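**Q** One structure coming up, written as structure tokens, with questions to follow.
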Amino acid sequence: MQTKKAWADKLMIGFYKKEATYGAGVTMDATNACSLSGYKAQVEWGDTVVNDKEETTGTEFGTTSEIVEQRVKMTVSESNAKPNTLIGLAAMALGSVTATQDGALAAYSQKIIPATVGTVLPSTQAEATIAGIQRAYKGLKVDTLKIAANDRLVSVEAGLMGDGSRATSATAFVASLTESWLKLADCKVYLENGTAISISPTLVQAAEDISSGAPVDLSARIQGVEWNWNNKLEGQPGYGGAGLLQDLDYGKRETSLKFTLLFNDATEIDHYLNMDPLAIEFDLKGGLIAATGAMYYGFHLIVPRFKLLNAPLPKEENGIYVCEMECDIQDDGTNPAVIIEGYSSKPAYLA
């Protein structure tokens, strides 16, 4: 028997086109979709299967069962994340995307913020070949998103949910983008507190965007970071859906942030004791996107307001002291709870 090889699997996602109607799918071509490279993916079918074991059938073990509702979940991750993947998954997770072009060049920024309450999150289609079988998954929305540091690189992981469809497909896989990994060596980290917090309406790469003065540069002290978003998606089966979900709606969304610093002094402990409002910016600027241009592959991740949940007391690790910052992200009354701005060669996401 010839075994199936996992390294032969393929995945493409319609990052650049959203479904016009939930579950309708999109045309999986180079205009609307791209393949991923250097990823991991897991697909699960969480169907509702009903049998007659609790009914009187004249038999001890029942006689029949049926699939009455189809469910699809997909986990997609890149341990060495690339800009296009991070932007695409973040756009799906948060829902609101605004593009800006670098002059007339093929270089663009995508400002991504949470969709206004009541606005439907975008959905799209993905196709995956697993163990030699290719299937199309429609009605996909991102439920959870995690952006984190992975050794010296950025990692991204998303949990997606679909409408339950999983028809076999023979659509040709489109090409993946050629991009470098998002390296922490290219990342600066800034922290500001109190009334000096000021979020720039136009973000500038390799320059702080959170202060009216001079924020603290944490770049040399930071040891690790993890930011999470949860849409708490719930399926809407309704009636007449032929066993498929008719939409996925989000609940009361949640977001969290934690990071670890080399311990320096009592500054962060005082932030906790005083319950100071804080803002943080992660600004990663990589290589130039287009020759003669002014945009560079990378991203900003800004949390405009948070307070510390726990005292960041010094903790010994391998003979040195670190402090762990667990953050309660809050509403500052002006800015969104999180701002992600990504830079790549693609003009639009989920258009």
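The values are calculated or read from the model by the stated rules, or taken from the named source; none is laboratory data. From a predicted model like this one, the values you see are computed outputs, not experimental measurements. No Cβ is skipped: glycine too gets one built from the backbone with ideal geometry, and neighbour counts run over all protein chains shown. With ligands, DNA and RNA removed, areas are computed over all heavy atoms of the protein, side chains included. Shrake-Rupley method; radii C 1.70, N 1.55, O 1.52, S 1.80 Å.
**Q** In µm²/s, what is D for the stretch 198-351 at 37 °C and 0.692 mPa s, where D = kT/(6 pi eta Rh) by Stokes-Einstein and Rh is the Kirkwood radius from Cα pairs? Walk me through the numbers before you get to the answer.
**A** Values: Rh = 18.3 Å.
In µm²/s, the coefficient rounds to 179.
**Q** Quantify, in whole percent, the carbon and sulfur part of the accessible surface of the stretch 265-334 (1.4 Å probe; protein heavy atoms only).
**A** Numbers: 1600 of 3330 Å².
Of the solvent-accessible surface of the stretch 265-334, carbon and sulfur hold 48 percent.
**Q** Now, a different point. Can you give me the Cα centroid spacing of the stretch 316-351 and the stretch 167-214 in angstrom?
**A** 9
**Q** Moving on. How big is the Kirkwood radius of the stretch 111-238, worked out from every pair of different alpha carbons and given in Å to one decimal? Write out the running numbers ahead of the final one.
**A** On the way: mean 1/r = 0.0539 Å⁻¹.
Kirkwood hydrodynamic radius for the stretch 111-238: 18.5 Å.
**Q** Any idea how far the Cα center of the stretch 221-248 sits from the one of the stretch 120-153, in Å?
**A** 11
**Q** If packing is taken as the average count of other Cβ atoms within 10 Å, what order do 10-16, 231-237 fall into, highest mean first? Intermediate results must be reported in sequence, preceding the final value.
**A** Working: 10-16: 23.4, 231-237: 17.7.
In descending order of packing, they fall as 10-16, 231-237.
**Q** Hey, another quick one. Would you mind checking the stretch 250-270 for residues with the amide N under 19 Å from a putative spin-label position 7 Å along Cα→C-beta of ALA220?
**A** 260-268
**Q** Over the Cα atoms of the stretch 193-286, compute the convex hull volume and normalise it per residue, giving Å³. Numbers along the way, then the final one.
**A** Numbers: hull volume 17.4 nm³, N = 94.
Roughly 185 Å³ of hull volume per residue.
**Q** Express the carbon and sulfur contribution to the solvent-accessible surface of the stretch 31-180 as a percent, rounded to the nearest whole number, probe 1.4 angstrom. Display every interim value, and only then the final one.
**A** Working: 3340 of 6940 Å².
Taking all protein chains in place, the stretch 31-180 shows 48 percent carbon and sulfur surface.
**Q** Through the Karplus equation 6.51 cos²θ - 1.76 cosθ + 1.60, θ set to phi - 60°, convert the phi angles of the stretch 30-36 into ³J(HN,Hα) values in whole Hz; use x for Gly and Pro.
**A** My calculation for the stretch 30-36 gives 5, 6, 9, 9, 9, 8, 9 Hz in order.
**Q** A further question on this structure: Go ahead and set up a Gaussian network model of the chain, Cα springs under 10 Å, then flag whichever of GLY287, GLY58, GLY46 fluctuates most.
**A** Sorting by GNM fluctuation, first place goes to GLY58.
**Q** Going by average Cβ density within 10 Å per residue, which order do the peptides 264-270, 182-188, 83-89, 119-125 take, highest to lowest? Mind showing how you got there, number by number?
**A** Values: 264-270: 14.9, 182-188: 17.7, 83-89: 26.4, 119-125: 22.3.
Top to bottom by mean Cβ count within 10 Å: 83-89, 119-125, 182-188, 264-270.
**Q** Now for a different question. Would you mind getting the accessible area per residue of the stretch 33-186, heavy atoms of the protein chains only, 1.4 Å probe, in Å²? All intermediate terms of the calculation are to be shown ahead of the outcome.
**A** On the way: 7210 Å² over 154 residues.
Each residue of the stretch 33-186 exposes 47 Å² on average to a 1.4 Å probe.
**Q** Using θ = phi - 60° and the Karplus form 6.51 cos²θ - 1.76 cosθ + 1.60, what ³J(HN,Hα) does each residue of the stretch 155-166 get, whole Hz, x for Gly and Pro?
**A** Once θ is set to phi - 60°, the couplings for the stretch 155-166 become 10, 9, 9, 10, x, 10, 10, x, 7, x, 6, 7 Hz.
**Q** Follow-up question, since we're still on this one. What is the pair-distance distribution P(r) of the chain, computed from all Cα-Cα distances in 10 Å bins starting at 0, with each bin given as a whole percent?
**A** All Cα pairs, binned at 10 Å, distribute as 5, 23, 30, 22, 13, 5, 2, 0 percent.
**Q** While we're here: Which values of log₁₀ I(q)/I(0), to two decimal places, follow from the Debye formula for the stretch 56-158 at q = 0.19 Å⁻¹ with a uniform point scatterer at every Cα?
**A** Scattering profile of the stretch 56-158, log10 relative to I(0): -1.11.
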